[in-house]
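Colleague: So that we are looking at the same thing, I have put the structure below in C-alpha cells.
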Amino acid sequence: MATEFLPGLETTDQDLGEPISPRIDGSVWVSPEGSPLLTTEGSAPAWFNLLQHHSQLVVAVVEVSTRLNGEPQANRIVFANDYFGRLTGLGPTAHPVPMQDLTWLTPSASRMLRHRFRLHFLHALLSRIYGPETWITPRLRHEPLMVSLTNSETKQIRHIELRLRTAEEGLQVLAMAPDLEASLRDCWPDDGPTPAQVTTQLLTKGSPLNRLLNKLYPQRYTIQGQVLIEGTDVTERETSRTLIHLLVGRESVVGTEQFSQANTLMKQIFGAQDSFLLIAENDRAQLWTALDQADWQNQTYTLGELQGSSFLRATEQGEVLTIPDLSLACCTSGERALIAAGARSLLLIPLVMRNPALGQASSQMFGLVGLTSTKPYAFNQSDCSLATTLIPALTASMRHSVRDRFTNIHPSVRWRFEQEAERLSLGLPPAPIVFEGVYPLYGISDIRGSSDERNHAIQADLLAQFRLALSVVEAVQSTAIHNALVEQLWLDLQDRIANLEQGVTVDAEVTLLRYLQTEVEAHFPYFAQACPAASEAIHRYQNAMDKEHGCIYQARAIYDQTISYINNLLRETWNQWQQSMQAITPHYCDLEATDGIDHMIYTGKAIDPKFTDFQLKALRYEQLRAVCDCARQGLSLKQKYNTDMVITHLVLVQAVTVDIVHDETTERLFDVRGTRDTRYEIVKKRIDKARDAATQARITQPGMLTVVYSTSEEWEEYQQYLRYLHREGLVGDAIEEGHVEPLQGVSGLKFARVQVLPTESGEVMPRAIS
C-alpha cells in the first residue's frame, strides 16, 4: 500500500510523550521537529502496523483533485490498509493508485459510490456559496453503501458496508463555473436555502437539485482535499438475514434445495465443518447426519440412551450450548457417533416446545440443530448470542418441516400404507405408494395484511420500551452530577425512537432489544445507585416487561391472539364441514394453518372404490359451501378485534385428474407425479397473489369467494354451483368475471367472484347428512 498517512492524523509517540502531527516531505513522513516517522524504505511504528496489517475495518484515503475546465483526472487512493487491498484485489503497493483502475465494484455499486462522492462535493460547493453550514446532513452524506467483495486470500464473498467521510474542511473549493453557481442558486427562489430545504430536494425525485447533482461533472469546479472510505464487514449480519428469510418462508425447508442453502449459510456463519439434526418423538429421538449429502444418515436412540448427553442438557437449559471439547464430555452413544465422524467441538441450538407426550417436564425437546468443528474450542459466546437470534426462525421451520413426518396418516389412505408395511414385514422389496387418477380440490382462506399488522405491533412494543428506557436516562440526567456519557446515551435513545416512529426493519425486533439489554439495562445498578428517581423509573421499566419474552409484548400479544383466533376459527369451521364431506365420499384432505388456512383434497376411485361422478360434484359443491361458511365467520372479525387484517377466499378448479405419490425424501405426505400434474402445483403456489389482467387488482377480495378455472366446461359446472349458493342465500347474485394475469409458466386462467352474504341472526348452515 502507499505509505503516506492520513493528513492531519495526530498520535502520541510513546518515547517523546507528546502529540505528533505528521507532515509529508518528499517520500518521508516527518514529525513537527523534523524527525522521520515513516519512509517507503523504513519501518513503521507498531500502532501503524496494527492499523495497516491487522484491522478488519476497510480503510482507504482518496485524494481528490479536480480542475475547472481541465481534463478529468482520476482520484487517487493514497492510503489503504491490507484488508482493503485483499477485498479490492489491489494488493500491497507503495504508490498511489488511480481509482478508475480498480474493478472491485459492480457497475451499479460503482454508480452509487460516485453518487456518494458527488454528495460530498455538493456540500463543499454549497458551503462556498452560502457559507459554512451543515447543508447536507451527516445521515445523507454518510449513508452506507452495501457491496459484495471477494477476499483474495480465502476466496470468500464478504459483505461490506461502506461510508464516505470528510473532515470539516476536508474539501476545499478553489473555483467554480459561473453557470454551475447560477444553477445552484436557481434551485431556490429566495436568497438562499435552509439545510431542511436542501434535504427535501435531495430526497425528492426529479427536484432541481437532484437533477443538478447527477450532472456535477468534475471539470465544472476545482476541488482539492481528501475523502476517507471506511467500511465495516457485515457478512455475519447479512448472512443471518438471508438465512432467516430462507427459514421463515411459508413452505417447508427440510429436504429441499432451500435446506441445502440454509445449511451452507449456517456453517458459513459459525465457521463449522458439519451439521446435524436431532428430532424427538415420544420417547425416541432420531439423529440425522451427512446433511450435505443426497441421502442423510439416520440413527435412532431412546431418550433413556441420551440421558446425561449434551443434547438433553441444551434443551433442559433452554439455551444455546457450546461443547468446547467433545472428547472430554462424551458419555452417550449419540455423542460417540459424532466423535467417530470427526467432531471435536459442538454448538447446540435447542428448539423446544411444550409436549406432554414427552414426559412431565413443562418444556420438552422438539428438535435440536447442531454444528460441529473438527477443532476443539471452535465456538465462543459470540456464536451463542448469534445462534440465539436464529432460534425462532429455526423452530418455525423445523415445526413445519417435521410435522407431516410425525403425524398420523389420514384415515382415507391409511389402508395403502398398512398394506405396504405388511409387504415389507414379509421381506418383499418396497413398492411405490401411488394413487392414480384422483381429482384435486384446492382452496385457501388467506389473512391479508398480517405482515403489516405484525410490523405495527413490533413497532408499538419497541416504542413503548424505548420510551421507558428514555425516562430512566432522563432521571439520571436530572441529578446534579453531569455525565457526558449519559448525555450521549440519551441522544442515542432519541435517535432510535425517531427511527422507530418511521417504521421497523426485518431485524429491528432482535437488534434493538439487544441494544437495550447491553447499553441500558446492563447499567441499571449504577443508575439506581446514582439517582433515587432513576430507581423508580427502572421499577416502571421492569414491571412493564413480559416475563416469558423478557420485553414489552403487549401489542404483539394482541397480534398473536388475533392470528390464533382467526386460524382456530377457520380450522374449526373447516373441520366441522369435513365430517359431512367425508360422508359424501372418503377422501384425503390436508389442512395447513399459517396466516389463514389452505386445504388440499384428493378424491377418486383409487381412494374410494365406490366413487362416482355424482359424488365428485356433491363434494365440489360442499367444498364451496364450507368456504362460504369460513368467509361468513371472518366477516365479524373487525367487530371482535381492532385490526386492519381481512380474510380472502379462493377455490381452484381442475377437472383433469392427477396422480399422487408418497415420497419418503420430501416433507409432504403426497406429491403430484409427472410434468402434466406439475402445472397444477405451480398454480397452487402462486394463485393467491394473482391479479386481474385488466385492472391489476388482486383477484381475491375481502368477504368474497373467488373461483379460478381454465375451461368453459369447468365454468359451466361452477356457474351452476354459484346459482345454487345464491338460492341458499350464501352469496349475492352479481358475478364479477375476468382473466387472471399470466403466472410464471401458466396462462389462460379465468376467475369469477361473488359476494359472500353475512349470516342472519340465529341462522345455522345445513350440512350434508352423515
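The values are calculated or read from the model by the stated rules, or taken from the named source; none is laboratory data. Model, not experiment: these values are computed from the prediction. Note that we place each Cβ from the backbone using ideal geometry, even for glycine, and neighbour counts take in every protein chain shown. The area values use the complete protein model at the heavy-atom level, side chains included, leaving out ligands, DNA and RNA. Shrake-Rupley method; radii C 1.70, N 1.55, O 1.52, S 1.80 Å.
Colleague: Summing Lys, Arg as +1 and Asp, Glu as -1, what charge do residues with Cβ under 12 Å from the Cβ of residue 448 carry, residue 448 excluded?
Modeller: Residues close to residue 448 contribute a combined charge of -4.
Colleague: Here is a follow-up. Please list, in chain and number order, the residues 5+ apart from residue 291 or on another chain whose amide H is under 5 Å from its amide H, with Hs placed from the backbone.
Modeller: 275
Colleague: Further question: How about region 543-614: which GluC sites (Glu not before Pro) there lie in a loop by DSSP and see at most 16 other Cβ atoms within 10 Å?
Modeller: 548
Colleague: Something else: Over region 588-649, with every protein chain in place, what whole percent of the accessible area is carbon and sulfur at 1.4 Å, could you tell me?
Modeller: Solvent-exposed carbon and sulfur of region 588-649 make up 49 percent of the total.
Colleague: Given a Förster radius of 56 Å and the C-beta distance between residue 273 and residue 200 as r, what FRET efficiency does 1/(1 + (r/R0)^6) yield to the nearest 0.05?
Modeller: 0.60
Colleague: Also, quick follow-up: Points 7 angstrom from Cα along the Cβ direction at residue 594 and residue 179: gap in nanometres?
Modeller: 5.7 nm
Colleague: Here's something else I'd like to know. Within the set of other residues whose C-beta is less than 12 Å from the C-beta of residue 544, count the net charge using Lys and Arg as +1 and Asp and Glu as -1.
Modeller: +1
Colleague: Ranked from highest to lowest mean number of other Cβ atoms within 10 Å per residue, what is the order of the peptides 49-55, 752-758, 74-80?
Modeller: Going from most to least packed, we get 74-80, 752-758, 49-55.
Colleague: Figure the gain on full extension for residue 169 and residue 213 (residue separation times 0.36 nm, minus the Cα-Cα span) and round it to one decimal in nm.
Modeller: So the chain would gain 13.8 nm between residue 169 and residue 213.
Colleague: Ignoring ligands, DNA and RNA, how do 205, 155 rank by accessible area with a 1.4 Å probe, largest first?
Modeller: Listed by decreasing accessible area, they come as 205, 155.
Colleague: Summing +1 for each Lys or Arg and -1 for each Asp or Glu, what net charge is found among the other residues whose Cβ lies under 11 Å from the Cβ of residue 475?
Modeller: Combined, the nearby Lys, Arg, Asp and Glu give -1.
Colleague: A further question follows. Give a residue-ordered list of calculated ³J(HN,Hα) values for region 606-616 (Karplus: 6.51 cos²θ - 1.76 cosθ + 1.60, θ = phi - 60°; whole Hz; x for Gly, Pro).
Modeller: Using θ = phi - 60°, the values come out as 5, 9, 10, x, 8, 4, 10, 5, 4, 5, 4 Hz.
Colleague: Multiply the residue separation of residue 112 and residue 696 by 0.36 nm, subtract the distance between their alpha-carbon atoms, and state the gained length in nm to one decimal.
Modeller: 207.0 nm
Colleague: If you keep only loop residues by DSSP, which trypsin sites (Lys or Arg not before Pro) in region 440-503 have at most 16 other Cβ atoms within 10 Å of their Cβ?
Modeller: none
Colleague: Here's something else I'd like to know. Amide H neighbours of residue 64 under 5 Å, counting only residues 5+ apart in sequence or on other chains, H built in-plane at 1.01 Å?
Modeller: Distant-sequence amide H within range of residue 64: 225, 226, 227.
Colleague: Now a separate question. What does the highest-first list of 701-714, 123-136 look like by mean Cβ count within 10 Å?
Modeller: 701-714, 123-136
Colleague: With r as the distance between the Cβ atoms of residue 319 and residue 579 and R0 = 60 Å, compute the FRET efficiency 1/(1 + (r/R0)^6) and round to 0.05.
Modeller: Efficiency, rounded to the nearest 0.05: 0.85.
Colleague: Can you list the lysines whose alpha carbon sits under 17 Å from that of residue 684, skipping same-chain ones fewer than 8 residues off?
Modeller: Here the lysines satisfying the reach criterion relative to residue 684 are 750.
Colleague: What FRET efficiency comes out for residue 190 versus residue 497 if R0 is 25 angstrom and r is the Cβ-Cβ distance? Round to the nearest 0.05.
Modeller: Calculated transfer efficiency: 0.15.
Colleague: Next question, about the same structure. With the other protein chains left in place, how much accessible area per residue, in square angstrom, belongs to region 578-620 at a 1.4 angstrom probe?
Modeller: For region 578-620, the solvent-accessible area averages 39 Å² per residue.
Colleague: Now, a different point. Label-point separation (nm) for residue 542 and residue 331, each offset 7 Å from Cα along Cα-to-Cβ?
Modeller: 3.5 nm
Colleague: With each label point set 7 Å from Cα along the Cα-Cβ vector, what nm distance links residue 482 and residue 234?
Modeller: So the two model labels end up 3.5 nm from each other.
Colleague: Further question: Pull up the cross-link candidates among the lysines for residue 267, meaning alpha carbon to alpha carbon under 17 Å and not fewer than 8 places away within one chain.
Modeller: 155, 375
Colleague: Can you pull the accessible area of residue 82 for me, 1.4 Å probe, Å² to the nearest 10?
Modeller: Accessible area, nearest 10 Å²: 40 Å².
Colleague: Give me the number: length gained by fully extending residue 490 to residue 682, i.e. 0.36 nm times residue separation minus the C-alpha to C-alpha distance, one decimal in nm.
Modeller: 63.9 nm
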